[in-house]
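Chemist: My questions will all concern the structure given below.
What follows draws every value from the coordinates through simple rules; no lab data is involved. This is a predicted model, so every value here is computed, not measured. Cβ coordinates were reconstructed from backbone atoms using ideal geometry, including for glycine residues, and neighbour counts include every protein chain displayed.
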Amino acid sequence: MGAGYRARMQPYAPVPSGVPRWVAPTLVSLAGVWAVAVTAIGQSVAWVVAEVLVITGYDRPGAYWPGLTVATALVSGAPAGLAWLLVKRPVIAGVARSWTLAAACAALIGLVRIVPWSAGDTAVAALEALVALVLAVLVGRFRMGQEPSGTRIVGLGTALATATGLIVLLPWWWVGALGSPLDAAAAVVAALALGVLVSRLRRTGPVRVPVGGPVAGLVLDALVVAVPLTLLAGAYGAPGAQLLLLAVLPAACLLVACANPARRWADALLVAVAAFGPLALVDAEEISLLLIPDDVPRWATIGTGSSAWLALVVGAIVALVLTLRARRAPHPTPRPEATPPEPAPPEAAAAAGRAAVRGRVVVGALVVALVVASAAVWLGPGQSGFHGDRLFVVLKSQANVTAAANTETGLVARRSAVHRVLVEHARRTQAPLLDALRSHDADPTSYYLVNAIEVDDTPLIRAVLASRDDVATTQPNPELRPIPDEGSPDAQNVPAPTSTPTNLTAINAPDVWGDGIDGRGIVVGFSDSGVDATHPTLRAGYRGGADSWYDPWYRTTSPNDANGHGTHTAATAVGKQVGVAPGASWVGCANLARPLGNPAYYLGCLQFMLAPFPAGGDPFTDGDPTRAADVLSNSWGCPELEGCAAGTLEPAVEALSAAGIFVVAAAGNTGPRCRTITDPIGRYDSAFTVGAVDDNRKIASFSSRGPVPGDADAKPDLVAPGVDVLSAWPGGGYAQLSGTSMATPHVAGVVALIWQAVPTLRGDVTRTAAILRATAQEISLDADDEACGDSARNVVGAGEVDAAAAVALARQTPPAPR
């Protein structure tokens, strides 16, 4: 490094008397450490808190994310801002200025998070890109100045910098999946905008810190640029994506420092390519505790770790090569300024030109090879194609099935009439909207149990739907993106039962079996993660045929369960040895083949239960209501996170009840607070909602409570055993699980017992519900249990279900007049 370079970059500035020269760099360094620590810890803790709020049923304020992001950015950048004001040494003040501006940009970008997730990934990414580009223009006014000649290394050119970014991006083509084409395009723009902003911020301070030799200098350059990379990573992307960016971008700081400052697009493209993976190949909403341990978060962690590791390794290799070249490069002999440089010989100039061409060809070939390798990974072991979210559109006009249900006296005729009214109404009222949607290639899917349509999510389709008078609501219909391996249920070591499990004796189910009542002739439907039909407890009960299984996720043609939850709940209702009604038949549907569903999956399964159809069949034309399930066990809820508003699925449950199908639903696991029965379908009056108690008939702390806002009836309706319930597990094993999910199938099984014992009650939902409530075993609240809505009924309902008492009362009930 020449003396002239040092003089231009760091002119003499007097140091105040009594203040050592090391004080200013030390304080600024501490400001950088503070900025990185506050951003990384603050954003991570904020994400954990937000996830816990969702899981425990608390409402997260709309200003939560923008407020916390702005506050984190300002707090993290405050020490650097103070240093910028106080420090007089140009280089150190330039570093502090760069960090301060980065914190200010992070705060302004964080305001974009006030846009709700329901606005769509495309809109959020496009807005974020616009803000970043505007900030890049403004930040350009603070540019420190042109990097002088004589720097210690030349650095990577644009093509080589892009190549290193492609290496960092490579793992994401395997573990990630793109959203819609528009989502991907918006992510490209957002990543480029982020790269441009980082490049501009880098030039607001010293791009090359004039300290030490090539190695020490590069390390210092990397540490300087790591701070703005961290600050921007914490604020960029939808909540969830920032966790991935916080690992990948700071890890690329050495690569960014190696980029040639004279090539303005070198560092911008490097950052953009590295950021594209977290921004485009993972849906931020899927970085959720709800999906841990084996779903998207696991693979996102693998992608993030691999990408960060590659950034560190490639950065070290590049830095080593550059420093070795810098040391081997000949140092020009200073000549008097009046003496012009001698022109190079023609042969030397030609050789240099040929070498430059060869270098460009090699670098170009490297970039092409990396692009081809990325495409090969994406198309091979990766998740190729586009997997964007969709929209769930509910029409204003919903069918009235009351008249049809009341006209028919026979159960089969009533179900057929309800089905016919629903289908005809949907066809008639959806026709104009379907024509409009098809003209815009929206790929619509129609539903009739709720008069609704599922369509692609694009700004154009949103505009079309917003302009129509026949649309009641337009809600997100999120779809989980594919992952490399969805795994299998965890192995369970619980031994098979050798006697009747205590949860069955607690509800007196064995007393009914002694009378020959085991649910025979009744069909119970399960909408859950699936069912292992090969399990010994469930194999004999499967109804079979082409219309007893429906999988809207993967279109499989036979029952299966990659999660275990569905097998456990199904066996509790109808399994041999472990089930309430071991003689009942069952049919299944996978609405939660992975841990998060959406309104379309839930509705599709409910439709299937009313009118089953063969695999690949059309629910409108191939559905057969004469094959409907009698009782439905639903151990799931559809929260706003999955796209359900409070009333989204209510018409479906009401229509099923009108068709004589008894709908049982879990209360949820967000207790012990009151008013936590909030999600469809357990919140509906037309669903029979079940809470959980333990073996001592004490309400489970996790069991959700009522009252439900706006509903007159107390919720839950009943409680049932839901703590450490022993039941089947895929692969022939057994497991003990807790939750209102485990309590729900107990009630479904008792309904099957009642309807076998008294066939005239089959399909009579109202009187069966009254019998269940009237015969419930009394449950008293302990001193530490709070009554909700001034009533214990909103905690324990009518009490714990009693199979023997319910069957006995049902036998004494006279037939309903028609």
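Chemist: Please list the non-local residues whose amide H lies under 5 Å from the amide H of residue 473, H modeled 1.01 Å from N, same-chain partners needing a gap of 5 or more.
Modeler: Distant-sequence amide H within range of residue 473: 394.
Chemist: About its Cα centre, how strong a charge dipole does the stretch 761-809 have in debye, to the nearest 20, once Lys and Arg get +1 and Asp and Glu get -1 at the Cβ?
Modeler: The dipole magnitude comes to about 520 debye.
Chemist: Cross-link candidates for residue 698: which lysines have Cα within less than 16 Å, leaving aside residues fewer than 8 places away along the same chain?
Modeler: Straight-line reach from residue 698, under 16 Å: no lysines qualify.
Chemist: Quick check on the chain: helices-only [θ] at 222 nm, where DSSP H runs of length 4 and up contribute -39,500 (n - 2.57) each and the sum goes over total residues. Nearest 500, please.
Modeler: -15500 deg cm²/dmol
Chemist: Here's something else I'd like to know. Given the options 586, 699, 783, identify the residue whose Cα lies farthest towards the positive end of the charge dipole of the stretch 502-812 (+1 on Cβ of Lys, Arg; -1 on Cβ of Asp, Glu).
Modeler: Checked the options; the winner is 586.
Chemist: Could I ask something else about it? List every residue whose amide H lies under 5 Å from the amide H of residue 689, counting only residues 5 or more places away in sequence or on a different chain, with H placed 1.01 Å from N in the peptide plane.
Modeler: When sequence neighbours closer than 5 places are left aside, the close amide H contacts are 665, 717, 718.
Chemist: Taking the Cβ of residue 417 as the centre, find all other residues whose Cβ is under 13 Å away and add up their charges (Lys, Arg: +1; Asp, Glu: -1).
Modeler: Result for the neighbourhood of residue 417: +1.
Chemist: Can you check what the net charge comes to around residue 626, using other residues whose Cβ is under 15 Å from the Cβ of residue 626 (Lys, Arg +1; Asp, Glu -1)?
Modeler: After counting each charged neighbour, the total is +1.
Chemist: With a ≥ b ≥ c the root eigenvalues of the C-alpha gyration tensor of the stretch 502-812, is it rounded (a/c under 1.5), prolate (a/b larger than b/c) or oblate?
Modeler: Rounded shape, in that the Cα axes give a/c under 1.5.
Chemist: Would you mind ranking 258, 644 so that the residue whose beta carbon has the fewest other beta carbons within 10 Å leads the list?
Modeler: Fewest to most other Cβ atoms nearby, the residues stand as 644, 258.
Chemist: Hey, can you rank 770-778, 107-115 by average C-beta count inside 10 Å, highest first?
Modeler: Those peptides, ordered most packed to least, come out 107-115, 770-778.
Chemist: Just how large is the dipole of the stretch 502-812 about the Cα centre, in debye to the nearest 20, putting +1 at every Lys and Arg Cβ and -1 at every Asp and Glu Cβ?
Modeler: It works out to roughly 440 debye.
Chemist: Order by neighbour count: 513, 729, fewest other Cβ atoms within 10 Å first, most last.
Modeler: Starting with the residue having the fewest Cβ neighbours, the order is 513, 729.
Chemist: Additional query: Among all helices in the chain defined by DSSP H, which have a length of 30 Å or more along the axis from Cα atoms plus a Kyte-Doolittle mean of at least -1.0?
Modeler: Taking the DSSP H segments of the chain (at least 30 Å long, mean hydropathy at least -1.0), we get 23-55, 64-86, 181-202, 214-235, 296-328, 346-379, 411-438.
Chemist: Amide H to amide H under 5 Å from residue 259: which residues, 5+ apart in sequence or cross-chain, H placed 1.01 Å off N in plane?
Modeler: For residue 259, whose amide H was placed from the backbone, the distant partners under 5 Å are 156.
Chemist: Now a separate question. With +1 on the Cβ of every Lys and Arg and -1 on the Cβ of every Asp and Glu, and nothing else charged, how large is the dipole of the chain about its Cα centre, in debye rounded to the nearest 20?
Modeler: Approximately 4060 debye in magnitude.
Chemist: What Cys residues in the chain have no fellow cysteine's beta-carbon under 4.7 angstrom?
Modeler: Here 105, 253, 258 come out as lacking a disulfide-compatible partner, given the Cβ-Cβ threshold of under 4.7 Å.
Chemist: By average Cβ neighbour count within 10 Å, what is the ranking of 155-162, 259-266 from highest down?
Modeler: Most protected by this proxy first, the peptides run 155-162, 259-266.
Chemist: Using the Cα centre of the stretch 502-812 as origin and beta-carbon charges of +1 (Lys, Arg) and -1 (Asp, Glu), tell me which of 674, 734, 718 is placed farthest towards the positive end of the dipole.
Modeler: Checking the options against the dipole of the stretch 502-812, the answer is 734.
Chemist: May I ask which residue of 364, 514, 550 lies farthest towards the positive end of the charge dipole of the chain, with charges of +1 (Lys, Arg) and -1 (Asp, Glu) on Cβ and the Cα centre as origin?
Modeler: Value computed over the given set: 364.
Chemist: Among 697, 539, which comes first, second and so on when ranked by fewest other beta-carbon atoms within 10 Å?
Modeler: 539, 697
Chemist: Scan [x] 118, 59, 53; [y] 93, 71, 47; [z] 80, 77, 51 for the value of Cα extents along the principal axes in Å calculated from this model and give just the label.
Modeler: [x]
Chemist: Further question: Give me the net charge for the shell around residue 647: Cβ to Cβ below 14 angstrom, other residues only, Lys and Arg +1, Asp and Glu -1.
Modeler: It works out to a net charge of -4.
Chemist: Same structure again: Within the stretch 40-88, report the chymotrypsin sites (Phe, Trp or Tyr not before Pro) that DSSP leaves as loop and that have at most 15 other Cβ atoms within 10 Å.
Modeler: Those that pass, being in a loop and sparsely packed, are 58.
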